[in-house]
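Single-structure report; data block below.
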Amino acid sequence: MTDIVTVSIACASEAEAASLTGLLVTARLAACVQSHEIHSTYRWKGEIDKSSEIMLTAKTLADRLPMLEALVKQHHSYEVPEIIATPVIWASADYTKWLKEILEA
């Protein structure tokens with residue numbers, strides 16, 4: 001097991017996703033952030049809703065999660081944004097070295 005995690009963050013728009021991506025990478029809270037369009041169905045305030053969203057997948061270290069969460073909550077448009085971290089059980093040595101160098105610089 002590594003100390004690397006991936007973090008899923010669903011965003012309301014491409015503009016919001018781009019803004020959060022820039023903030024996360026600039027603040028060294030993520031070494032890399034990928035994005036792709038998704039379609040979500042969910043229950044919110046007693047109603048079932050559907051929406052198109054942009055899903056971010058941020059690569060970071062577990063010790064960055066509290067700061068990452070604070071930044072996302074401060075700049076996200078949702079009342080309850082999705083911020084879900086998944087542990088990475090294996091990563092290549094070269095990728096691990098690069099990620100740690102980026103985040104710990």
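So here's what we get for this one:
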read-out	value
Residues being touching a strand residue (DSSP E or B) at 6+ places or on another chain (Cβ under 9 Å) and free of Cβ contacts under 8 Å to residues at least 40 places away in the same chain - total across segment 80-103	3
Any hit, segment 45-60, residues being open to solvent by 50 Å² or more (accessible area, probe 1.4 Å), assigned to a helix (DSSP H, G or I) and out of contact with any strand residue (DSSP E or B) (no Cβ under 6 Å at 6 or more places or on another chain)	no
Answer residue from segment 70-92, given it is in a helix (DSSP H, G or I) and open to solvent by less than 80 Å² (accessible area, probe 1.4 Å) and is nearest to ARG28 (Cα to Cα) among those	LEU71
Within segment 1-15, considering residues that are hydrophobic (A, V, I, L, M, F, W, C) and part of a loop (DSSP other than H, G, I, E, B), the one most open to solvent (accessible area, probe 1.4 Å)	MET1
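The values are calculated or read from the model by the stated rules, or taken from the named source; none is laboratory data. Predicted model only: the values in this text are computed from it and were never measured. As a convention, Cβ positions derive from the backbone with ideal geometry for all residues, glycine included, and neighbour counts pool all protein chains shown. For the accessible areas, the whole protein counts, side chains as well, though only heavy atoms, and no ligand, DNA or RNA atoms are used. Shrake-Rupley method; radii C 1.70, N 1.55, O 1.52, S 1.80 Å.
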